[in-house]
Each structure stands twice: as C-alpha cells, then as structure tokens.
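In what follows, a single structure is set out as structure tokens and then discussed.
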Amino acid sequence: MTNAVLKTVNLVKVYSGGAVPVHAVRGVDLVVEPGEFIAVMGPSGSGKSTLVHMLGGLDARTSGEIWVDGARADTLSESAWALLRRKKIGFVFQFFNLVANMTVADNVELPALLAGASPRIARERREHLLGALNLTDRADASPAQLSGGEQQRVALARALANKPSVLLADEPTGNLDSRNTRDVLRLLGQVHKEGQTIIMVTHDARVAGLADRVVCLLDGEIVDDGRITRRRTGTAGAVIDLR
Amino acid sequence: MRLHLLALLAKEPAHGYELKQALEQTFGGAYPSPNIGQIYVTLGRLEKDGLVRAVDVEQSNRPNKKVYYLTAKGRDVLTLWVDEPTEGPRVRDEFFMKLVLAPLTGIADRMALINRQRRHYLSIMGDLNALLDRTEPDDRVATLLIEGAMLHLQADLDWLERCQEDLA
C-alpha cells in the first residue's frame, strides 16, 4: 500500500466550539489507490464534507493521520498545505470560490501556472476543459456574468487544470440542470478513464453511478466501503421495463 | 402490451412484424426490443376478444399474412385507457420486506442488507449512465425514458438512506 495516493489512519474531527462538542468524524481509515473514483455517500450530518475538507487540508484534523502521495500531511502548516494543494490536489466545492476580478479563462489557467506548467500547456488544458464543459464561448466573461451552473462547471475545470494527484469534490452537481450535469458526468468519466483519482461527496445517484467504489458514512463512521461492480449487460431491457 | 398494440393500430392497420418495428422506432434504443412471438400471441387474444379483426392477405411465393384492423370495440377500450389517469408507482418493495423482517430471520443484519442494496442500485445506475451515453441526445423518447429510470433510482437510494438512519 506504499503507492496509495491518499491514506488516513484513525482520522478524527471534533468541533468543540459550541456548548457540546460535536464528533463529526470518528476514526476513519481510508486508503485510496491511484486511479480510483470513490463516491462518498451518507445522510446530511454524517461527516462527509468534514472528511473531504480534512483530506484537502481545509479543515484541521483533531487526531489521526493523513498521508498524501506517501508523505505525512496532517502535521503541515497552513502555508505548507497551500503548497501541497497547488501541486497535488484539485478541489470543487458546493460554492465556487472563483476569483472575481479574473476572466473564466484566467481562473482555469491559474492553478496550472502556479503548479509550474508553461503558459502554452496551461492554455491548451484550459481550452480542452472549457470545451468539454460547453463553456468555450464564456472564456472571456467574468465569474459574476455567469449563471450558478456555469460557475460550477468553471470551478470543476479549474480543479482539473493541473491534473492533480487527487480531485476532491463536495456535491459538484448541486447547482446543475440535467443537460449540464450530463456534460459534467461525461468529463468526469473521461478524466477518470485517463487515470484521474477522484473522491467525491455526492447525493446525486447519477454521479455516484460513475464511481467504482462507494464509501458510506453514518454518524462520522464508515459503515460501508466496497466496489461497485459493473454488470455490463448492454441491453436496455435489463434496466428499463415498460409495462 | 395489449393497449400499446391497439394504439398503433388506431393509426393504421398493420401486420405483426410491422407492429414490432413501429414499437422499436417509436421508443428508440432504450426500449427493450419486443418479442415477435409475444406480439402474435397478444394479437390472437385481442382478436378473440373482438378488439381487432384479422384479414388474410395473399402473398405471391409466401404464406398469407394477417393484417390487423382496430374494431369499434377496440377503439372504445383504447379511448378508456387514454382518458383514465394512470396509477403512480406503488411502494411494494421486496427489499423493504427483507429489511423489516431481517431481525426475525437471523440470516443478515439490516446494515449489511442496506449496504448491499446500495451497491446494487449504484451498479444499475452505472448501466443507465452507459445507456444514456450510447443514446443520441436528440432521441427524446429514449432519453426521457432513461432519465425517468434514473430519477426512480435516485428516490430508491434516498429512501435507502432514510432506512439506514432510522432502522439500522
């Protein structure tokens, strides 16, 4: 298991700000191999978002370990985490966090440039991602000119711009209509096929259906962790029954 | 299938194989291809009930074929079907029975049942994703059919989550 992209050991998060401490994540052990697509599911309040935020260093763990690409990460300072994210982690949130005074194109190119890609490579990657998400004609717009669904797709393109070791996503299709969801599904399927590791919190069964492994949380603990088998029946009759 | 065939015959008389082709063309790639034998059996029953009338048509070099016509009685039955509201899906879920009765059987616990069922639903969703991917976006009927199946599956998964919160 030395080549795991991401690993946690007995990871715990307790929010102790309020009157009663909240045990959001209670001892999660997770090993993520390169190229895996994991859907993290579970009811609201089960600790899904807290878990992926900790995996990206956006929320400090209370105890336990986080390893990224074989190196200990939970002990890093905030600035060291920022550096690690720039190089290895793409993040898509429920809200988008785009840079308001930059164009869509620049928002998407920025992470690749920060990670050390040449301007030409960054531009090509941006053109490919915006094309795949049907956003080519919005490249010169500013985020404020975009609809919620468009901003969400730009955020996904940005997260994938530097081909991160792992893509972390928290409900990335929450704001999308069914056509836009289809574009996002297609892109996720494509980058996954190309070897992109993905860990995605989602309630959307269509998105979860793309994953090859499901991790289910309940009250801060993993209650299921296993592969989603493909039946590959190929015929519609096995899935749809019109009476 | 009885009423689907009556609906097709309301447009024009047809023989069995033409009805099979019409079903395939109307519903597109997402519809399970109807069995020709089943179509002939259904037509036979409709004829016996007086809802369609079969007319033998002579063919050179081949056995006669039967062309089916909608009768007045058939049209009445069809009109009734179209005019009635359609029942919604009912919750009579085999899985839910297993889940509720599981503690009595001692064979599997509820958590294990729910987890296995979730993986099964997600696997079906994977199939639907693949099916949608293979479907031309302008094939509206097939696309809507697949999207309908996906929405039902989403509801099943949401319900499963509720079961896990409250029962497991």
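The values are calculated or read from the model by the stated rules, or taken from the named source; none is laboratory data. None of the values given here were measured: they were computed from a predicted structure. Quick reminder, even Gly has a Cβ in these numbers, built from the backbone with ideal geometry, and neighbours come from all protein chains shown.
Tabulated data
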| quantity | calculated |
| --- | --- |
| Condition check for residue A:203: under 17 Å from residue A:38 (Cα atoms), assigned to a helix (DSSP H, G or I) and either touching a Lys or Arg at 6+ places or on another chain (Cβ under 7 Å) or not charged (D, E, K, R) (or both) | no |
| Residues of region A:186-220 classified as within 16 Å of residue B:118 (Cβ to Cβ) and within 12 Å of chain B (Cβ to nearest Cβ), total | 17 |
| Top-ranked residue of region B:1-18 - restricted to ones that are part of a helix (DSSP H, G or I) and of a type in the set (D, E, K, R), ranked as surrounded by the fewest Cβ atoms within 10 Å (Cβ to Cβ) | B:11 |
| Any hit, region A:55-65, residues being part of a helix (DSSP H, G or I), under 30 Å from residue A:147 (Cα atoms) and modelled with pLDDT of 95 or more | yes |
| Qualifying residue in region B:31-49 (condition: more than 14 Å from chain A (Cβ to nearest Cβ) and not in a helix (DSSP H, G or I)) | yes |
| Enumerated helices (runs of 4 or more DSSP H) restricted to region B:52-168, each holding at least 1 residues that are within 8 Å of chain A (Cβ to nearest Cβ) | B:110-134, B:140-166 |
| Helices (runs of 4 or more DSSP H) fully within region A:74-190 counting 2 or more residues that are touching a helix residue (DSSP H, G or I) at 6+ places or on another chain (Cβ under 6 Å), of a type outside the set (Val, Ile, Thr) and touching a residue at least 24 places away in the same chain (Cβ under 8 Å) | A:104-114, A:119-132, A:148-160 |
| Boolean, residue A:174 is in contact with a His (Cβ under 9 Å, 6 or more places away or on another chain) and at pLDDT 90 or above | no |
| Residue A:23 over 13 Å from residue A:222 (Cα atoms) and either within 14 Å of chain B (Cβ to nearest Cβ) or in a strand (DSSP E or B) (or both) | yes |
| All positions within region A:134-154 that are modelled with pLDDT of 90 or more and crowded, with 19+ Cβ neighbours inside 10 Å | A:135, A:138, A:143, A:154 |
| Close pairs from region B:29-55: first over 21 Å from residue B:12 (Cβ atoms), partner of a type in the set (S, T, N, Q), Cβ under 7 Å, at least 6 apart | B:29/B:135; B:30/B:135; B:32/A:235 |
| Selection from region B:1-28 of residues that are without any contact (Cβ under 8 Å) to a residue 12 or more places away in the chain and of a type in the set (Lys, Arg) | B:11 |
| Residues of region A:56-73 classified as touching a residue at least 12 places away in the same chain (Cβ under 8 Å) and within 15 Å of residue A:30 (Cα to Cα), total | 11 |
| Region A:51-60, residues that are buried (at least 23 other Cβ atoms within 10 Å of the Cβ) and within 15 Å of residue A:15 (Cβ to Cβ) | A:51, A:54 |
